[in-house]
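Below: one structure, written as structure tokens.
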Amino acid sequence: MRKAIYNSRIAILGMLRFPPRCLRTVIVFGLLTGCALAGDWGAPEAQLANKIASAIGPGAVALEVVNRSSLLPAEAQQIRGDLQRQLERMGLRIVNPEQAAATIRVSLSENLENYVWIAEIHQGSNESSVAMIATPRPASSPASGQGGVVSIHKALLWLQNQPILDVAVVDGNPTEMAVLSPDEISLHRLQANRWQDEQTLPIVHPRQWPRDLRGRLVLRKDHLLDAYLPGVFCRSGAQAPLTLNCRESDDPWPLAPDPFALAAFFTPARNFFTGALSPGGGRTAAAPPFYSAAPLPRDKYTLWLFAAVDGSVHLMDGASDQTAGKLGWGSDIISVHTGCGTGWQVLADESGDGPGDTLRAFEFADREPVFASQPVEFAGPITAMWTETNGEMAIAVSHNLTTGKYEAYRLSLTCGQ
């Protein structure tokens, strides 16, 4: 719609100057809608094209643009076309993937303050490279309204009056579940879509628990499970009826399921990890005191995120320790393997508008978090969150402020909205 015929000139249109991509929206939907939804992306498009061209040089390339932000589909398509023209002016030819010497996959994402555009560049047998730019996001573009790379689904597993520290699900026929409470582990079996009580294993502990008690269940291959509590370690038997052997221990707690071998020492009288890691390696043998951690595997290393007790988030890769900006996250973070987007997402709790917390997925294509899902709401604060043994699902526990009960949910993620 490059040429238009008007019956008469509208005075206010003559006074204002709109970008060409905004004009059609203005004519159809009105002045305010067009300018609120469209932006001038010329500068970030040129900046990203320059970075891509510098990394790849002239030649035949395949270009894919994926919109993971709150931008409208038409806006993302316009950005894709403009970016292609910018690259062609710099000597790159856009061709089909089977004809390309390199592939460029651009993700249009956003974080708390900016639109973040990330270009993943794959060229022959060379190691993949990443180019990234950020441009401010208008205040009128609410983060809560966008879609994402994944959708988070929560299914209620169990609720009870006393605190739930962790839950472990053994998928099988029948499915079994272990619930960790302050003074016991209760075992249940799923029959006719209802959990049936099987056995209760008391936890013997000589010392008084700290006020804000935390615990961790880890399923094992040679016996059912291990339980980690402040200053106490419990190991179950291997055959029914099960027994539980508990002892005083300062052994480190595993931070994530296999194949991540990192563990950390927990403070017996408090509710956080000391920061001492096992095994410690590289120049970052220890982290700052932290509440939770999330691993993100890379080609040649693992990037670990630590939710520090001072509210900051540290990114550590064995050689460096970077501190992220103010992310607005709570104390519980984990990572899950979905195969969506970059393959791994971080789940982080956030304070909601109401009395409860919200949970959202984030991607870390580089060192900058970008939204990967819409938020999921809980009826109270999230008190515990751990990745399950398979690494593909998670357990989240919330204290429902309306009923007063503790609720354990199983979290699963699917690609797309």
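A short reminder: the numbers here are calculations on the coordinates, not readings from a lab. What you see is a predicted model; the values in this text were computed from it and never measured. So basically every Cβ, Gly included, is an ideal-geometry build from the backbone, and we count neighbours across all protein chains shown.
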Subject >> Using θ = phi - 60° and Karplus 6.51 cos²θ - 1.76 cosθ + 1.60, couplings along segment 285-291 (whole Hz; Gly, Pro as x) >> reply: 6, 9, 9, x, x, 9, 8
Original post:
Using 19 Å as the cut-off for backbone N distance, which residues of segment 210-228 belong to the label zone defined by a point 7 Å from the Cα of W195 along Cα→Cβ?
Top reply: 214-220, 224-228
Original post:
What residues have an amide H closer than 5 Å to that of L277, excluding those fewer than 5 places away on the same chain, when H is modeled at 1.01 Å from N in the peptide plane?
Top reply: A287
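Expressed in nm to one decimal, what extension gain is obtained for the pair A43 and D310 from 0.36 nm per residue of sequence separation less their Cα-Cα distance? Walk me through the numbers on the way to the answer.
Values: separation 267, 0.36 × 267 = 96.12 nm, distance 3.68 nm.
Result: 92.4 nm gained on full extension.
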Original post:
With θ set to phi - 60° and the Karplus curve 6.51 cos²θ - 1.76 cosθ + 1.60, what are the ³J(HN,Hα) couplings of segment 253-270 in order, to the nearest whole Hz, using x for Gly and Pro?
Top reply: 8, x, 8, 7, x, 4, x, 7, 8, 6, 10, 9, 8, 9, 6, x, 9, 10
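Taking other Cβ within 10 Å of each residue's Cβ, how do I94, I203, I333, I104 sort, fewest first?
Numbers: I94 15, I203 18, I333 22, I104 25.
With the sparsest Cβ surroundings first, the list reads I94, I203, I333, I104.
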Subject >> Nonlocal amide H pairs with N67, under 5 Å, H built at 1.01 Å >> reply: L108
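If each residue of separation counts as 0.36 nm, what is the full-extension length gain between S320 and A155 once their alpha-carbon separation is subtracted?
Values: separation 165, 0.36 × 165 = 59.40 nm, distance 3.80 nm.
Stretched fully, the S320-A155 segment lengthens by 55.6 nm.
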Original post:
If you rank E363, E64 by fewest surrounding Cβ atoms within 10 Å, what's the result?
Top reply: E64, E363
Original post:
Which distance in nm do the two modelled labels at T267 and R247 give, with both placed 7 Å along the Cα-to-Cβ direction?
Top reply: 2.7
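To make sure I understand, if each residue's beta carbon is the centre and we count other beta carbons within 10 Å, what order do E98, E176 fall in, fewest to most? If you can, show how the numbers build up before the last one.
Values: E98 6, E176 16.
Taking fewest neighbouring Cβ atoms as first place, the list is E98, E176.
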Original post:
Where both partners of a DSSP beta bridge lie in segment 42-142, what percent of those bridges are antiparallel, to the nearest 5?
Top reply: 65
